[in-house]
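The values are calculated or read from the model by the stated rules, or taken from the named source; none is laboratory data. A quick note: this is a predicted structure, and the numbers were derived from the prediction, not measured. No Cβ is skipped: glycine too gets one built from the backbone with ideal geometry, and neighbour counts run over all protein chains shown. For accessibility, only protein heavy atoms count, side chains too; no ligands or nucleic acids. Shrake-Rupley method; radii C 1.70, N 1.55, O 1.52, S 1.80 Å.
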Amino acid sequence: MKPFTFLSAAVVTASAVFFAVPAEAKKKNGNAPKETPVAPDSTPASSKDPHFWTSSDGEKLEATFKTFENGIVTVEAKDGRKLRLPVARLSAEDQQFALECKRAQPRQPMPQDVIVKAAAKLDESINASLKQNGVAANPPASEAQLLRRLYLDTIGRIPTADEARAFLGDSAPDKRAKLINTLLNSPGYTMQMYNWLADMLRVKDDYGKGAKSYLYEDWLKGQIAMNVPWDVMVRDMITADGKLNENGAAGFLLRDAQMPLDGVSNLLTTFLGANVSCAQCHDHPFAEWSQRDFYSMAAFFGATDGFHEDVFRKTRRLAKSEELSQRGKAVVRQILTSNAYNLVDLPTNHLKFPVDYKYKDAKPGDPVAPELIRWIGTAKDNPSYGISLTKPSQLRNQFADWMVHPDNPRFATSMANRLWKKVFGIAVQEPVADIDDPSEASNPELLTQITTYMKQAKFDLREFQRILFNTAAYQRQTCTAPEDPKTFRFQGPILRRMSAEQAWDSIVTLVSGDAPDQLLLRRGDNLQQMAVDDNQINLATVNQMVEDMKTKGAGANKALAGGGSKKGGGNPQAMASAYEGGRPQIRSGLLLARASELQQPAPENHFLRLLGQSDRLVSDTNTTDGSVPQMLQLMNGPIQEMITSGSTALGTATKATTPADQIASLYLSFLARQPRPDESSRASAAMKNGLGLPDLAWVLLNSREFLFVP
């Protein structure tokens, strides 16, 4: 039996060799068992017995099956680590074994007719609103338009030429529904959902003072890959205990550990659509929130401590030691500093009203008692409010019970509204950060419906989106965004420019094909294994860590991979060592991995940031605004160099036997459609006059059509 090299004491994360996906292996395993979409009837159960998982190259890993979702088999190794294995990289026998384990779990498939009926109900509401307001529904989108739209909205990239050709050539009447199911159960779904959530949750590699959040990022990706319900995921984030380098779920609250009141404001806005930011300092001038309301809610976190100044000072003093090597100082800054970020609950609530509190209902410096907000119309007997406030150390848990309860007045509505915007380009109620008054929605009945479906789906975000993608409204032609969102009737989706992540991932697909879908960045395992007790933060511990890194090799250095300045972003070669699934290509100094598998956020001078990726300081601040530097990047920067020299899209076109077929191949790669007769004629004439295929690729890359979601 060929052993797994990464199970030795020298390496503590999955081997890049095992997860690599060479082209011949992909062809060999091309008929991997399809996942059956499942209804969220319960959380997944794990197999009891360990299993030896075998790659197509014969390598083996002993681990217990956990889940098989989105083209990823999640297993748990003996040491408790959860690893994500691309199913296409497993042996045929293990692919079948994973499918049998999935079928044995107590989650039954959700029939397509149930999805269709739910989608039809939404269409009824939309059509009634259209009729009432005298607005005509848009015509159905073409096959090519819907193909490209679905790929971008479900897996965050355009289809390859082969993928486009396969769908457009399929004559099956249910091919749209099949494509939706296939894409929602692929690795790319996890990647695009992570990008979307990372913008919403303000995910950053660096929490300041050198503390890295790699374990939180790995945890979040794992939750998406396992299709963990949203309410379960959020509850885990709110109730998590422990250090940033020990418990991934703790990363959410520790994001604002040094500004806990800001953290409360962010979570209320993000998860409940509560417009509370002004109430942190004074009564809200345009909403029902008072400053007392805000502090009463913040009191649920008043017994929680997240940043420990004494531990941080200890690491800072150690980092200045002249007895440490430069490597040792890096270990202190990027590994030991994380020990200062530690969520613990205290026996007493320490929150008090601020010294400048000016209202008559309390005095400055008075202790704040926790109390839940009630929106107008909330029933007195609403079951979500039945919580206990007796133990300060349990206040976070009680708050989480209230927030994720199905009867919470806003939790289900907030996420349903956000996902509707993700799919259609505009929410039922705008802005998504302020849904205090649902009657202000453009279609209150529709908002109620999608809230109900979110609850009926048991907060399964994938199944909820499957309903939306199957609506006739989504599958219509696009329209321009209205000046006033309240007047929009969803006659079709909004015409949108690609997000920065969609544009980058599409370019990576043009250069490298679909192989980057299998490249998974994982940097948290080593960080977790290097967690130490506070009394072990000393010179001897650091020196031992440095020695361990020397003997354990590249795997142990993943904890330090991907650092660097905001502008420079560190060494791409060092970053490339942190991937499962193989090493990504490096072209023009850029790592060709999906946006979710790069530094979070990307460095300031990276293509992603120039195209509008958020700096993750404020939620939902990705932008699709255009600029001259964006166009210059596409016209004459490293992006166009990669596209016009050695890209997969260009190579596929070059293999075609006739100029017409070469032109058609490039159109399929860039635009997911065949060229129109006039386009083909013009391109053919230009090629006769000396235009090369790289030139045509450049033209298509810089076309307006390329950057937009059709």
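A few points about this structure:
- The set of residues from region 329-351 being touching a Pro at 6+ places or on another chain (Cβ under 6 Å) and either among the hydroxyl-bearing types (S, T, Y) or more than 20 Å from P367 (Cβ to Cβ) (or both) comprises just one member, T348.
- Within region 421-523, helices (runs of 4 or more DSSP H) holding 1 or more residues that are farther than 30 Å from I639 by Cα: 444-456, 461-469
- Selection status of G626, in contact with a helix residue (DSSP H, G or I) (Cβ under 9 Å, 6 or more places away or on another chain) and either farther than 17 Å from A164 by Cα or β-branched (V, I, T) (or both): no
- Residue list for region 255-265, restricted to those being surrounded by fewer than 23 Cβ atoms within 10 Å (Cβ to Cβ) and under 12 Å from V618 (Cα atoms): D256, D262, G263, S265
- Selection over region 153-210 of residues that are among the acidic types (D, E), assigned to a loop (DSSP other than H, G, I, E, B) and open to solvent by 30 Å² or more (accessible area, probe 1.4 Å) gives a count of 2.
- Residue-level analysis places L179 among those that are among the hydrophobic types (A, V, I, L, M, F, W, C) and in contact with an Asp or Glu (Cβ under 9 Å, 6 or more places away or on another chain).
- Residue that is free of Cβ contacts under 8 Å to residues at least 40 places away in the same chain, in contact with a strand residue (DSSP E or B) (Cβ under 9 Å, 6 or more places away or on another chain) and of a type outside the set (V, I, T), where the choices are E124, E93: E93
- Residue within region 273-293 that is part of a helix (DSSP H, G or I), surrounded by 18 or more Cβ atoms within 10 Å (Cβ to Cβ), modelled with pLDDT of 90 or more and touching a Ser or Thr at 6+ places or on another chain (Cβ under 9 Å) present: no
- A search for C-beta distances below 7 Å between a residue of region 442-468 that is without any contact (Cβ under 8 Å) to a residue 12 or more places away in the chain and any residue that is outside any loop (DSSP other than H, G, I, E, B), counting only pairs 6+ apart in sequence or on different chains, returns P444/P438.
- Tally, over region 350-371, of residues that are open to solvent by 40 Å² or more (accessible area, probe 1.4 Å), under 30 Å from G251 (Cβ atoms), in contact with a strand residue (DSSP E or B) (Cβ under 7 Å, 6 or more places away or on another chain) and not basic (K, R): 1
- Apart from one condition, D620 fits all of (1) over 30 Å from I426 (Cβ atoms); (2) charged (D, E, K, R); (3) surrounded by 13 or more Cβ atoms within 10 Å (Cβ to Cβ); the exception is (1).
- Residue identified as more than 24 Å from the chain's Cα centre (by Cα), at pLDDT below 80 and under 25 Å from N181 (Cβ atoms) among S42, S55, S47: S47
- All of Q599, Q674, Q662 fail the test of being open to solvent by less than 50 Å² (accessible area, probe 1.4 Å) and part of a loop (DSSP other than H, G, I, E, B), apart from Q599.
- Within the option set A515, A500, being over 29 Å from L446 (Cα atoms) and touching a Leu at 6+ places or on another chain (Cβ under 6 Å) holds for one residue only, A500.
- Applying the set (1) surrounded by fewer than 20 Cβ atoms within 10 Å (Cβ to Cβ); (2) touching a Lys or Arg at 6+ places or on another chain (Cβ under 9 Å); (3) over 29 Å from G425 (Cβ atoms); (4) in contact (Cβ under 8 Å) with a residue 60 or more places away in the chain to T652 leaves exactly one unmet item: (2).
- Any chance T315 is loosely packed, with under 12 Cβ neighbours inside 10 Å, out of contact with any His (no Cβ under 8 Å at 6 or more places or on another chain) and of a type in the set (S, T, N, Q): no
- The set of residues in region 107-140 that are closer than 18 Å to I467 by Cβ and in a loop (DSSP other than H, G, I, E, B) comprises R107, Q108, M110, P111.
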